[in-house]
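Undergrad: Questions regarding the structure given below will be posed in turn.
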Amino acid sequence: MKRYSGRLSLDGNQGRLGYGLSVSGALSDIDNSMTESQYINPIVAVYDLRPFEQIRNADGSYNLDAYYNPVAINDKNNGDKRNQKQTTLVVNPYVTYKLTDNLTWKTNAGLSLIDLNEFFYSSKYNPQYSDSGMMGEKNLERATTYSITNTLNFVNTFNEVHNVNVLLGQEAQKVAFNQVYAAASGYPSDAVFELDNASTPVSAGSMKKASTLSSFFMNAEYNYNNKYYGSASLRYDGSSRFGANNKWAPFWSLGAKYRISEEDFMENTKDWLSDLTIRGSYGTVGNQDIGYYAAMGLYSYGYSYNSKPGAVPSQIANPDLKWETVAKADIGLNAVLFNRFTVELDYYNQRTKDMIFDVPLSFTTGFSSVMKNVGEMENQGFEFLVNTNVMKTNDFRWDVNLTGTLNRNKIVKLATDKPIENTTTIRKVGEAYNTFYMAEYAGVDPETGSPLWYKGKEGKETTSNINEAGQRIVGSADPKFYGGVGMNFKYKNFDLSLDASYTLGNKVYNSGFSYDMQVAARTQRLTLPDS
């Protein structure tokens with residue numbers, strides 16, 4: 001990888017007028033054949049080339065009789081090629097004006113531009129495309145974000161103990177995305193990668209999409225003598241991604257904090273308890289991450305009927321589709337012990353309302369599904385953070401932090417009493433959102449060695465025919481407990497950080513197991529020498 005980056009920041013003022021500009025940019029060129037390969041995980045490579053299958057033939061050439069040869073496919077000189085060039089530009093000008101000593105107006109504009117140029121070349125060692133004379137793919141993308149924000153900010157301290165900060169604002173944002181894609185096959189050699197050098201065009205296409213977001217907001221903060229704190233916020237957001245009847249929605253929050261350690265009766269604890277704070281909050285936020293046109297009725301073009309171009313309906317409209325809302329309550333405790341240990345404890349209860357699902361439809365409608373607000377989901381649990389300073393000298397410092405979360409997730413409500421079933425998952429009231437629903441393995445038949453599965457939705461009856469097995473709830477992908485461990489070392493002007501994360505109690509579905517079985521079936525044809 002090669003990367004060039006830079007940043008420029010300019011600030012100035014003239015009396016009550018302030019102004020500034022920040023510009024940052026980056027150019028990157030990445031040859032990421034190995035880092036983007038499916039074989040970056042060696043366990044996946046085992047599915048395609050078993051340990052007893054040779055990587056190379058006796059004459060030194062690659063063994064291409066194997067299902068896939070991951071070493072050949074990732075050959076540095078003659079294997080698959082992936083290249084990614086990316087240009088990033090971010091520009092933020094602003095202007096401020098102090099209407100009074102305590103009241104400031106600010107206008108901030110923003111432009112973010114990301115250009116991506118990707119090329120993928122499938123080599124002669126890749127059996128997926130070797131019969132077509134190798135495959136080349138070109139992808140050009142541009143993502144652009146425009147924004148403008150206007151705020152009015154009041155900050156003041158009354159009688160030296162009443163601290164007030166009030167912010168009123170408006171923001172508008174537009175996100176646009178463009179893409180051009182093309183592919184061709186039939187390369188005369190593995191040294192010319194551009195599409196013009198291929199003999200057979202395979203596919204080409206382009207697309208663009210955009211969305212807009214408009215917001216009005218207020219935020220107020222108050223604290224009394226750095227001891228009692230209160231805050232409140234209110235937003236009114238409108239997004240083009242939702243139905244015509246529900247583009248706008250309000251969101252709000254309230255919070256409070258009490259720093260007990262600032263009370264006079266805590267004065268004698270300063271030696272071992274320098275900070276003790278309890279806090280609580282309740283608020284709502286909205287989710288618009290549902291795709292650009294999820295609520296609209298759409299047509300797909302590029303079809304032909306009787307040798308004439310045409311279009312077909314591809315998505316049914318839902319003008320009532322609205323914001324997904326997350327309401328969260330949180331109660332927490334912060335403490336600093338012996339000026340060495342920092343402890344944070346939290347209990348939270350989070351309810352997601354008007355959940356957005358891709359709900360199946362009867363095929364008699366002409367559509368397979370429609371996006372709807374059909375349910376509610378709950379997450380509740382405990383979180384903790386412990387940070388400790390293990391060692392500190394004039395030149396050296398060693399800190400250790402430990403985090404953990406105990407979370408329980410369940411679906412509270414769906415549109416109907418009937419669960420939403422997919423190939424390997426189920427959405428059902430009372431169960432976790434990421435619940436696996438499939439045939440349950442029952443072990444091996446001791447007489448025949450055949451695998452067994454349970455029949456029906458309950459009971460202990462088994463079968464060796466998986467087509468007779470019933471789908472059952474077999475676990476969840478959600479961990480019962482997860483967190484991380486980190487260490488930070490600093491010696492003079494040098495620092496080093498080490499971090500690790502962990503999850504406990506979650507199920508993992510091995511979607512690549514079918515490939516493993518294909519290899520097993522192939523290896524059964526091998527004739528092994530007599531012992």
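Undergrad: Got a sec? What order do R279, R235 fall in by accessible area at 1.4 Å, biggest, i.e. largest, first? Don't skip to the answer; put the middle values down first.
TA: On the way: R279 60, R235 85 Å².
Per-residue accessible area, sorted high to low, gives R235, R279.
Undergrad: Give me the distance in nm between label points sitting 7 Å out from Cα along the Cα-to-Cβ direction at I466 and D11, one decimal.
TA: 6.2 nm
Undergrad: Calculated FRET efficiency, Q173 and W248, Cβ-Cβ r, R0 22 Å, to nearest 0.05? Don't skip to the answer; put the middle values down first.
TA: Working: r = 15 Å, r/R0 = 0.68.
E(calc), rounded to 0.05, equals 0.90.
Undergrad: Distances longer than 14 Å among the Cα atoms of segment 175-249: what percent of all pairs is that?
TA: Working: 2134 of 2775 pairs.
Of the Cα pairs, 77 percent sit more than 14 Å apart.
Undergrad: Measure up K174/K308; K2/K174; K138/K209; K257/K322 against 26 Å on the Cα-Cα distance and list the ones that go over.
TA: Details: K174/K308 36 Å; K2/K174 31 Å; K138/K209 20 Å; K257/K322 33 Å.
Beyond 26 Å between Cα atoms: K174/K308; K2/K174; K257/K322.
Undergrad: Can you give the accessible area per residue of the chain, in Å², using a 1.4 Å probe? Each step should come with its number before you reach the end.
TA: Values: 32780 Å² over 531 residues.
Dividing the accessible area of the chain by its residue count gives 62 Å².
Undergrad: Okay, moving on. So if I place +1 on the C-beta of Lys and Arg and -1 on the C-beta of Asp and Glu, and nothing else carries charge, what would the dipole magnitude of segment 219-292 be about its Cα centre? I want it in debye, nearest 20.
TA: Details: 8 positive and 9 negative charges, 100 e Å.
Once rounded to the nearest 20, the dipole reads 480 debye.
Undergrad: By per-residue mean of other Cβ atoms within 10 Å, what is the highest-first order of 149-155, 94-100?
TA: 149-155, 94-100
Undergrad: OK, next. Could you sort the peptides 399-406, 485-492 by per-residue average Cβ neighbour count (10 Å cutoff), highest mean leading?
TA: Numbers: 399-406: 16.0, 485-492: 13.6.
Those peptides, ordered most packed to least, come out 399-406, 485-492.
Undergrad: Another question about this same structure. Taking the mean number of other Cβ atoms within 10 Å as a proxy for protection, how do you rank 63-73, 9-19 from highest to lowest?
TA: Numbers: 63-73: 18.5, 9-19: 10.8.
Output ranking for 63-73, 9-19: 63-73, 9-19.
Undergrad: As a check on your grasp of the helix formula, calculate [θ] at 222 nm for the chain: sum -39500 (n - 2.57) over DSSP H runs of n ≥ 4, divide by the residue count, round to the nearest 500.
TA: Per the formula, -1000 deg cm²/dmol.
Undergrad: Taking +1 at the Cβ of each Lys and Arg and -1 at the Cβ of each Asp and Glu, which of N150, T364, S239 sits farthest along the dipole of the chain towards its positive end, judged by Cα position relative to the Cα centre?
TA: N150
Undergrad: Also, I was wondering about something else. Would you list, by chain and number, the lysines whose Cα falls below 26 Å from the Cα of K460, excluding same-chain residues fewer than 8 positions away?
TA: Straight-line reach from K460, under 26 Å: K418, K428, K507.
Undergrad: Averaged over all directions, how much area does the convex hull of the C-alpha atoms of the chain cover when projected, in nm²? Show your work: numbers first, answer last.
TA: Numbers: hull surface 156.9 nm².
Mean orientational projected area (the chain, Cα hull): 39.2 nm².
Undergrad: Let me ask something else about it. Could you state how much accessible area D59 has, in square angstrom rounded to the nearest 10, with a 1.4 Å probe and all protein chains kept in place?
TA: Its accessible surface works out to 130 Å², give or take rounding.
Undergrad: Run the reach check for K98 against lysines, Cα to Cα strictly under 27 Å, same-chain hits fewer than 8 apart removed. What comes back?
TA: Hits, sequence-local ones excluded: K106.
Undergrad: Now for a different question. On a full-extension model of 0.36 nm per residue, what is the gain between N306 and S368, subtracting their alpha-carbon distance, rounded to one decimal in nm?
TA: That works out to 19.8 nm of additional length.
Undergrad: Report the net charge of residues surrounding Y97, where surrounding means a beta-carbon distance below 11 angstrom and charges are Lys +1, Arg +1, Asp -1, Glu -1.
TA: On the way: positive: R16, K98, K106; negative: none.
Surrounding charge for Y97 is +3.
Undergrad: Ok, one more. So, in nm, how far is label L140 from label D31 when the simple model puts each one 7 Å beyond its Cα toward the Cβ?
TA: My value for the distance between the label points is 2.4 nm.
Undergrad: Above 23 angstrom, tally the Cα pairs of segment 409-504 and express them as a % of all pairs, no decimals. Intermediate results must be reported in sequence, preceding the final value.
TA: Working: 2364 of 4560 pairs.
Counting every Cα pair in segment 409-504, those more than 23 Å apart make up 52 percent.
Undergrad: Roughly how many Å² of V166 are accessible to a 1.4 Å probe, to the nearest 10?
TA: Its heavy atoms expose roughly 50 Å² to the probe.
Undergrad: Could you compute the FRET efficiency for V508 and L21, with r as their C-beta to C-beta distance and R0 at 35 Å, rounded to 0.05? Let's see the in-between values first.
TA: Values: r = 49 Å, r/R0 = 1.39.
Using R0 = 35 Å, I get an efficiency of 0.10.
Undergrad: Net charge around T463, counting only other residues with Cβ within less than 12 Å of its Cβ (Lys, Arg = +1; Asp, Glu = -1)? Please report the intermediate quantities before stating the final value.
TA: Details: positive: K455, K460; negative: E440, D445, E461, E468.
Neighbour charge sum, excluding T463 itself: -2.
Undergrad: Can you pull the accessible area of T388 for me, 1.4 Å probe, Å² to the nearest 10?
TA: Using a 1.4 Å probe on the heavy atoms, I get roughly 30 Å².
Undergrad: How many percent of all Cα-Cα pairs in segment 258-323 sit more than 17 Å apart? Could the numbers behind the result be given before it?
TA: Values: 1488 of 2145 pairs.
Summing the P(r) of segment 258-323 above 17 Å gives 69 percent of all pairs.
Undergrad: Which residue, chosen from W453, L276, G404, occupies the Cα position most advanced towards the positive end of the dipole of the chain, where the dipole is computed from +1 (Lys, Arg) and -1 (Asp, Glu) charges on Cβ about the Cα centre?
TA: L276
Undergrad: Something else: Compute the length gained on full extension between D271 and V386: take 0.36 nm times their separation in residues and subtract their Cα-Cα distance, giving the result in nm to one decimal.
TA: Working: separation 115, 0.36 × 115 = 41.40 nm, distance 1.93 nm.
Between D271 and V386, full extension yields an extra 39.5 nm.
Undergrad: So what's segment 258-406 giving for Cα Rg divided by 2.2 N^0.38 Å, two decimals?
TA: 1.82
Undergrad: Pull out the extension gain between K413 and I114, defined as 0.36 nm times the separation in residues minus the alpha carbon to alpha carbon distance; nm, one decimal. Before the final figure, lay out the partial values.
TA: On the way: separation 299, 0.36 × 299 = 107.64 nm, distance 4.00 nm.
Taking 0.36 nm per residue and subtracting the Cα distance, the gain is 103.6 nm.
Undergrad: How much net charge surrounds T87 when only other residues with a Cβ under 14 Å from its Cβ are counted (Lys, Arg +1; Asp, Glu -1)? Please report the intermediate quantities before stating the final value.
TA: Details: positive: K2, R3, K85, R142; negative: D29, D115, E118, E141.
Local charge sum for T87: 0.
Undergrad: Hey, another quick one. Estimate the FRET efficiency between E194 and A477 by the formula 1/(1 + (r/R0)^6), using the beta-carbon distance for r and 30 Å for R0, to the nearest 0.05. Working shown, then result.
TA: On the way: r = 42 Å, r/R0 = 1.40.
Once the sixth-power term is evaluated, E becomes 0.10.
Undergrad: Spin-label point model (7 Å from Cα, Cβ direction): what's the S206 to L345 distance in nm?
TA: The two pseudo-label positions are separated by 6.1 nm.
The values are calculated or read from the model by the stated rules, or taken from the named source; none is laboratory data. Because the structure is a prediction, the values reported are computed rather than measured. Here Cβ is always computed from backbone atoms with ideal geometry, including for glycine, and neighbour counts include all displayed protein chains. SASA here: full protein model, heavy atoms, side chains in, ligands and nucleic acids out. Shrake-Rupley method; radii C 1.70, N 1.55, O 1.52, S 1.80 Å.
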